[in-house]
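J.: First the structure, then my questions, so here it is.
The values are calculated or read from the model by the stated rules, or taken from the named source; none is laboratory data. Bear in mind the structure is a predicted one, so any value in this text is a computation, not a measurement. Backbone-built Cβ (ideal geometry, glycine too); neighbour counts: all protein chains shown. These accessible areas exclude ligands, DNA and RNA; they are computed on the full protein's heavy atoms, side chains included. Shrake-Rupley method; radii C 1.70, N 1.55, O 1.52, S 1.80 Å.
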Amino acid sequence: MRQKFKPFWRIALVGIAGAAIILIAFRVVGHTPLADRVGTSQAVYARGGELLRLTLAPDQQYRLWTPLAQISPTLVDAVLTYEDRDFYWHPGVNPAAILRAVVSTASGGRRQGGSTVTMQLARRLYGIDSRSVGGKLAQMAAALWLELRYSKKDILEAYLNTAPYGGNIEGVGAASLIYFHKAAKDLSWPEALTLAVVPQNPVKRIAERGRNAELQAARQRLLAAWVQRNPQAAHQAPEALLALEGAARSALPFIAPHATDMLLAQNPTPRAIYSTLDLRMQRTLERVMAQYLKTRSDVGLNNASALLLDASTMQVRAVIGSANYHNDAIAGQVNGTLAKRSPGSTLKPFIYALALDQGLLHPRTVLKDAPSSFGSFSPENFDGRFAGPIAAQDALIRSRNIPAVAVAARLRKPDLYDFMKLSGVARMQSEAYYGLALVLGGGEVTMEELAGMYATLANGGKSQALHYSTPVRPDSIDPLGVGAAATPFAPVQNHEQPLQLLSEEAAFITLDMLHHTPRPDTGAPARPAIAWKTGTSWGYRDAWTAGVFGRHVLVVWLGNFDGSSNPALVGIDAAAPLFLRMVDALRAQRLDPGEMASQQPANLRRVEVCTATGGLPDALCPVRSTTWFIAGKSPIQTSNLHRMVWIDDRSGKRVCGPQPHATQHVVEQWGSDMQRVFKQTGLPRVTTQEPDCSAATGPGDKTSAAMALGQSGSDSAPAIASPLRSVRYEIRTSKPQSIGLRAEAAPGVRQIFWFADDVLIGKARPGESLPWLPDTPRTYVLRAVDDHGRAESRTVVVDFLP
């Protein structure tokens, strides 16, 4: 008898083994992941986890594929309780459930579908019409085919991500965000029960309709089944039946549209994008900008852009590409933070930072703000006036053009052009194309490029790239939407090697100089400190303000995207008030954590200088001040501007020594160029004409007489203004044109003698031009020698053209 049944068991075991091998083969052999069979939306999140944008999938559905591990276990259990209690035990088709459905329907009871989760997934994936017998059989076959190839986890995950939730919303990920502004893992009991029952009849139970009889009845049936399976949950029943008012699809967030547009364009592959934007900062800047432009609409200010950067991480915190994304009249969809515009004077701080590094000046170094020419370039100040002698710090704060150009002309490599290239400014023309006009905004930069350069100052001279997004583990997302208190994403370690473009000392001093810029509303520097600079482009087309406060860099632009001009587009009048209101609003909400932890650079010193000259004070200096000094780098010499002289009390003229009716006075001995400026502009300076005291001094007194008349040593040699340095002159033989020789001189100098290779050309007074026509084409060494024997030379190359 046993022998009779032995072959049967062998056949059965072989059959089972064969079926197992086939099943394993189906599972092991590669097949397309279910997630790849359907398109997915892209979600862009803020730094705190808030949803900024949810896009449509390629098939115009809102569908955000969410891994099973990131879906609320309550929702998963509720779905299986309501849809398929035997999901983990059947092979894709549950005959008992189908039989119950047939009996219930035939007996006139509540209509039941009998479809398993796998069958419902098969219908949606393969587009099967299951309303006929043939369609139902095809659906069953497809379900069995799915079970052969995919695990239960894969199938359940795919069902939860493709279940219908009304209109064009599919899957619990999108439904949670749209209806409850939450991630699927953070759903409450009532929310989980709601989403569990909607897919069976989304038209009648759609969550955004809130309280309705169909939805409530379905939730009650689910709750009863839930409590039956989980008796310990009975005490939560009242909470689970709370009526909910889900949000409508029209309430989907559309925040920071210019930034999210850019991030979506940069990340075309469907995935979650975790931006570095801070939602509270973004909304604060948008609110302040809207209020400000409303008050300035009477003067035609109707568009602006702003970018806020955390310099400590180089992460962008807020982006406003235009005043109104939906306003076609201002081309609102244009992202102004990426547009190339003339930056005006916002580049001047980097001129002074480079000069500090190259030992050309310190903050109290006195510069000349007077009519000047640099070859064919003759810059003017914005107000058309001249300040005469002015400290470098004041020249920067007051945005004087001529001192900035003069400093830029003295820079060695790197100069401003090199600095901008190294900072990442793209699409620049050749250096010769811009010339010195680059100092005054002759080139173009984007807002993010300018923000990066100001971040270099904040980061001790180190330059790094900006970041708009950061890779974050999906399970670190906090509650979305209204979660203002959500925990921010952890800072990302920046592994890029920073580029040291400025010394720590130069960056520190430049920021300190900018800290002294007075606010237009108070007339005093900002407290807490703000290091900021304004800019106005030529033709009143762009008004800028850029600056550093705390650990943040803020850049603000006002203008028109079509480049049209407006006299109201002046940096200090249009952009500065908006910039300062934004900073004040961020600080009022305590969104600025304050200065980055830093130490004063080791090579910085505070030194006392004579305020009028920036040199070490001598005994006659009447006003003194302190300034920053870079040890071993900053220029410093003893001030010798002030002299004790004898003045005739009756005529007010200077005399050569003690005389009747003469008393001693301290006067300023300015060079010929500044004396001319004082005379032309009427600047209130006390100057006296040098008397001829040669008869009063003997041969042994020449040195002391020279000292009494002004400067001494090589520092007071004539300053050659023309011919220019490193310029090749071309003279046409058919129509020869002379070259003008001109030099400025120290106080007391009456004549300057010009030599070409030790051959006397002629003489001229300081500041006057002496025409010179070379006799042959070659290289000449020109020397300017003053009547005190001090000289300066320059090499000039002359070519003859027919």
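J.: Sort 749-755, 404-410 for me by packing, meaning the mean count of neighbouring Cβ atoms within 10 Å per residue, highest on top.
T.: So the order, starting with the most tightly packed, is 404-410, 749-755.
J.: How much length is gained if the chain between Leu56 and Thr269 is pulled fully straight, taking 0.36 nm per residue apart and subtracting their Cα-Cα distance, in nm to one decimal? Please report the intermediate quantities before stating the final value.
T.: Working: separation 213, 0.36 × 213 = 76.68 nm, distance 1.32 nm.
Contour length minus the Cα-Cα distance gives 75.4 nm.
J.: Please list Tyr159, Tyr729 in order of solvent-accessible area, largest first, computed with a 1.4 Å probe with all protein chains present.
T.: Numbers: Tyr159 5, Tyr729 45 Å².
Most to least solvent-accessible, the answer reads Tyr729, Tyr159.
J.: Then there's this: Using the Cβ atoms and a cut-off under 14 Å, what net charge is assigned to the surroundings of Gln315, where Lys and Arg are +1 and Asp and Glu are -1?
T.: -1
J.: Could you calculate the FRET efficiency of Tyr433 with Glu730 from 1/(1 + (r/R0)^6), where r is the beta carbon distance between them and R0 is 25 Å, rounded to 0.05?
T.: 0.80
J.: Beyond 19 Å between alpha-carbons counts as too far, so tell me which of Lys152/Lys182; Lys368/Lys679; Lys153/Lys185; Lys348/Lys368; Lys348/Lys533 fall in that bin.
T.: Lys152/Lys182
J.: Any chance you could tell me what percent of the C-alpha pair distances in segment 502-658 go past 19 Å?
T.: Roughly 68 percent, rounded to a whole number.
J.: Measuring from centroid to centroid over Cα atoms, what is the spacing of segment 769-795 and segment 136-154 in Å?
T.: 96
J.: Enumerate the aspartates and glutamates that Lys633 could reach by cross-link, defined here as Cα to Cα under 14 Å, with residues fewer than 8 away along the same chain left out.
T.: By straight Cα distance, Lys633 reaches Asp357, Glu504, Glu505.
J.: For every other residue with a beta carbon closer than 14 angstrom to the beta carbon of Asn302, add +1 if it is Lys or Arg and -1 if Asp or Glu, then tell me the sum.
T.: With Lys, Arg at +1 and Asp, Glu at -1, the neighbours total -1.
J.: Further, regarding this structure: Take the Cα pairs of segment 333-422, get the Kirkwood Rh, then feed it into Stokes-Einstein at 20 °C and 1.002 mPa s and tell me D in µm²/s.
T.: Details: Rh = 14.1 Å.
After rounding, the answer is 152 µm²/s.
J.: Another one. Pull up all non-local amide H partners of Thr638: gap of 5 or more, or a different chain, and H-to-H distance under 5 Å with H placed in the peptide plane.
T.: Answer set, sorted by chain and number: Leu616.
J.: If you don't mind, there's one more thing I want to ask. When ranked by the protection proxy of mean other Cβ atoms within 10 Å per residue, highest first, what sequence do the peptides 625-634, 587-596, 762-771 form?
T.: Numbers: 625-634: 17.6, 587-596: 13.2, 762-771: 15.6.
In descending order of packing, they fall as 625-634, 762-771, 587-596.
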